[in-house]
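The values are calculated or read from the model by the stated rules, or taken from the named source; none is laboratory data. A quick note: this is a predicted structure, and the numbers were derived from the prediction, not measured. As a convention, Cβ positions derive from the backbone with ideal geometry for all residues, glycine included, and neighbour counts pool all protein chains shown. All accessible areas refer to the heavy atoms of the entire protein, side chains included, with ligands and DNA or RNA removed. Shrake-Rupley method; radii C 1.70, N 1.55, O 1.52, S 1.80 Å.
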Amino acid sequence: MRNALVSAENLQLTLKSDFSSEEQALTNNHSSGNEEKPTKKPHFFLFFNHFETMNEDLKEMLESNKESLKLEAMKRIVGLIAKGKNASELFPAVVKNVASKNIELKKLVYVYLVRYAEEQQDLALLSISTFQRALKDPNQLIRASALRVLSSIRVPIIVPIMMLAIKEAATDLSPYVRKTAAHAIQKLFSLDPDQKEHLIEVIEKLLKDKSTLVAGSVVMAFEEVCPDRIDLIHKNYRKLCNLLVDVEEWGQVVIIHMLTRYARTQFVSPWREDAVFDENSEKAFYDSEEERRVDQSKPYIMDPDHRLLLRNTKPLLQSRNTAVVMAVSQLYWHLSPKHELSIITKSLVRLLRSHREVQYIVLQNIATMSIQRKGMFEPFMKSFYVRSTDATHIKTLKLEILTNLANEANISTILREFQTYVKSQDKAFAAATIQAIGCCATNISEVTDTCLNGLVLLLSNRDETVVAESVVVIKKLLQTQPSQHSDIIKHMAKLFDNITVPMARASILWLMGEYCEHVPKIAPDVLRKMAKTFTDEEDIVKLQIVNLAAKLYLTNSKQTKLLTQYILNLGKYDQNYDIRDRTRFIRQLIVPNEKSGALSKYARRILMAPKPAPVLQSAFKDRDRFQLGTLSHTLNSQASGYLELSDWPAVAPDQSVRNVEVAGAPALSKSKPAKSNEKQKRIRSTCLRIMQHNYSLNYYLPPQIIQKTLNIMTKYILIHIVLSISSPFFVNCMCSLLHLCVFLACQFDAVSWPVRVSLQASSPVFVPETSHELLHRMTGKGLSAQYRFTRQPCIYGNSMVSLQLTLSNRTDQALENIHISEKSSTGQNIHRFNAIERLEPQASVTVSMGVDFNDSTQTANFQLCTKEDEFSVSIQPAVGELLLPITMSEADFTKEQGKLVGMNESSATITITPENVSSQSVNRKVVSVANLGVIPSGQENIYRFAGKTVSSGSLVLVSVALKDPDAMITINTEKTVMGSMLLRQVKTAVQGM
């Protein structure tokens, strides 16, 4: 409101001054009598005069002693920049305020400096010392802004200063500053490529960062500076795959494209015919490297890390960002097994509802895919029907896709659709449709005659463009079997006089000459007509007239000898040198004389040689050589900076390079001699890999416990081998085994926990009895289903959320074989309940299941089936149900809360009624919305709650501080997205007291 009033006041003052000058001019005219009238200033002069006056006002406000005026001036300046106005003249006045103590003012100054530092380098250099001091500022936004401005000054002399600032920022406690450091790496590299080695060291350090805020930026820096250093990704591959869902959308696109290139160099092709695809791949995981090398005859089994990438990117197909969906689609196209490609189809079709710019890119990629995989998009063929509101380039792409999808089963439907398109008022689109009909006729021999007859009917069309394109396509089709279609050639000859488009006339003449033996009476007559109008024809038509004359001279010289000589004489003096040269060449070739060489003997073989039929193929036939979704694929030409996808390796590289060394675990090379302990060495390697896949445990365990756990696990697995326990049982109990060994290691070693507190799960404080509807009895044809969250640890897996389902039969007949479909889950790992063989009428049964939501509130979709029907159902968890309560002391809570600050902290202040507040009410409200444990508090007005995420085990701390009449709610967690969602729910619950 204040800004609006200020703008209105300025406008009023401007109008007032303009009116005053006009009134003064009129007064002067009246008083001076016959004096010359003053010329009126142009409008653009008044505008620039007003703009200069405004700049002077802003300079005065920036030089004022009042912080409020400076802040208001900076807001106006930033507003001008946002509107595209040039505010570079204000640089000297703005840069003076860079050392201001007002944080809001300093932020706006840095925004301005980032925009104009490159243009005003000399003035920006004067403030280098201020920027360096700002790099030590307590406020993370100021530190990041100072680094951003410093990296925007494109002067080689400050490269050492920038390099030092980037190295310091890369170790900053704030992930936002580290993210800015990753952005600055790219700017410094473009300024001084000689700093590459030093920048690679910083990139290697930032790649190990566990913050989702940094991941996308550092991968972008990696792609710009050293995309060939794949070795930097090995140790961070699994971490990037697991963090992918929580990274911002821009970062997701960058990481997915990088991981696509990485996977093509590290995994073998999954497109083999003997491939075996197992979601879990436990056998491949636990087999030793030596056993794999020895047995080369085994069928292909997908690498667990390959499957990890596909599984973690699959949920992103439901992203709202079209670039993310497109990135995941190209990843699946280049990396996934052929039978799994169908999962990207619906997501790509969904993108066709977006803007035409998005449609254009998506349709281009679908056009490339549909050439090799017609079955992917055939069920959605109607989505590619052309709409009247589509732009021409969109219509053409849809037409291309429909042509690619055509087969014997659907060709009749597609041709009926094409008949409508030919009548379109869009001439370019109508011509493209005729080309598409020709492609269908070439690809599907069963409809070749039908298409030809339809194209012949189009020759009578009033539209010249349609007729011309029909002639060109018919010419190509007739080359396949000309002897069977002499009637069509005769019909085209009759319509020749009515056709005016040069390309169409040239095509008919070519057909006459090429197949003159099939129309011996008509061809000479056509040549006679063309001899009359030779000088008036276009050059392309003249060339075909000369060719027709030469071929008729060789096959029917009695009737056409004089005509040929006449036409060759006309062409000899034509204005176009191509026609003159062609005429001289033809004369020497077909008319033998003393000067003719031996070539004239072969004139008939040269001119009448059979020509191969042209291949009508898609324009996207060769675009698959470029990675989908890239600029090079869109342009069909290699763009600058394009990184090619490598071919699949014949033999997979050593997968142990992706194993992260666990702190305190000894190197495998330091184990006992191979002869006596080779088996134990392999078992120890397996145990180490199991621990690495339990990422949360590695993070929280001290080195002593890890070492002891590793020893106990090795002995346990040796006992297992002796007892010959079945492999499935062994795989299922691995996770529980790990926790058991950790417990035993703590008991035997009795060590302290110096790194972090143990996240020991406790019993839930509150278990809601509310059930949610999964399947209504009307939708389920009498079968109804409800589910509720038990808030207990899931017995099927430590990363799963436990659910209880109640299935009821509301019909008069028994329902049989109630189960969850094996191929129904969409990204989440679901432990299905055992099939219910029979459910009597009006009976109910309660079963349990587990779902791994991957610490996300994304909906889990699956199929609930009976013997006769399948029903699509979905479960969407509240963020509070993705937690497990834990116990800890107040001191540990405070210590852990101090580590999760900055971007890991979310807070809000609300107003509550003091009369309704008590410890019981606060605890009840918080635990009702989130599965958290209550932490004993020694302070009267502070309530603390703690939990961990079910899937990753990340710590979640909640505190509610009461200060009459307000309440301060604080959430501390590494999962920033979950933290903000949980804050809204807790805030709503506490406000309702």
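Pairs of C-alpha atoms in segment 406-481 farther apart than 16 Å represent 41 percent of all such pairs.
In the full protein context, segment 881-992 carries 42 Å² of accessible surface per residue, based on a 1.4 Å probe and ignoring ligands, DNA and RNA. Per residue, segment 484-616 exposes 56 Å² of solvent-accessible protein surface, assessed with a 1.4 angstrom probe and all protein chains in place. In segment 484-616, one over the average inverse separation of all distinct C-alpha pairs is 15.1 Å, which is the Kirkwood hydrodynamic radius.
Highest average first, the peptides 970-981, 515-526, 151-162 ordered by how many other beta carbon atoms sit within 10 Å of their residues are 970-981, 515-526, 151-162.
The value given for segment 439-499 is a Kirkwood hydrodynamic radius of 11.7 Å, derived from the mean inverse Cα-Cα separation.
Could you check how much of the accessible area of segment 406-481 is carbon and sulfur, as a whole percent, using a 1.4 Å probe?
Heavy-atom surface of segment 406-481 belonging to carbon and sulfur, 1.4 Å probe: 48 percent.
For a test of the definition: using alpha carbon positions, the gyration tensor, and the 1.5 limit on a/c, classify segment 100-194 as rounded, prolate or oblate. In terms of gyration-tensor shape, oblate. Highest mean packing first, where packing is the average number of other Cβ atoms within 10 Å per residue, the peptides 96-106, 795-805 line up as 795-805, 96-106. Filter the cross-link list LYS179/LYS895; LYS346/LYS867; LYS107/LYS167; LYS136/LYS205; LYS899/LYS948 down to pairs whose alpha-carbon distance in this structure exceeds 19 Å. Those over the limit are LYS179/LYS895; LYS346/LYS867; LYS107/LYS167; LYS136/LYS205. Surface composition of segment 70-167: carbon plus sulfur atoms hold 56% of the accessible area, using a 1.4 angstrom probe and ignoring ligands, DNA and RNA.
Using only the C-alpha atoms, the convex hull of segment 772-877 corresponds to 89 Å³ per residue.
Averaged per residue, segment 59-266 has 42 square angstrom of accessible surface, using a 1.4 angstrom probe with ligands and nucleic acids left out.
Over segment 449-546, what portion of Cα pair distances is larger than 15 Å, expressed as a whole percent? Percentage above 15 Å: 56. Split the accessible area of segment 484-616 by element, probe 1.4 Å, and carbon with sulfur accounts for 52%. Take the Cα pairs of segment 811-869, get the Kirkwood Rh, then feed it into Stokes-Einstein at 25 °C and 0.890 mPa s and tell me D in µm²/s. Rounded, D is 192 µm²/s. Put the Cα centre of segment 395-454 next to the Cα centre of segment 100-166 and the gap is 60 Å. Based on Cα atoms of segment 881-992, Rg over Rh with Rh as the Kirkwood radius reads 0.93.
Ranked highest first by average number of other Cβ atoms within 10 Å, how do 541-548, 633-640, 316-323, 982-989 line up?
Values: 541-548: 23.1, 633-640: 13.0, 316-323: 17.1, 982-989: 19.1.
With the highest mean Cβ count within 10 Å placed first, the list reads 541-548, 982-989, 316-323, 633-640.
The string of couplings for segment 890-906 from the Karplus curve (6.51, -1.76, 1.60, θ = phi - 60°) is 5, 5, 5, 4, 5, 5, 5, 5, x, 7, 9, 10, x, 6, 8, 10, 10 Hz, one whole number per residue in order, with x for Gly and Pro. Averaging 1/r over every pair of different alpha carbons in segment 364-499 and inverting the result gives a Kirkwood radius of 15.4 Å. Each listed q (0.09, 0.11, 0.21 Å⁻¹) maps to a log10 I(q)/I(0) for segment 119-246 from the Debye sum over equal C-alpha point scatterers, namely -0.25, -0.37, -1.18.
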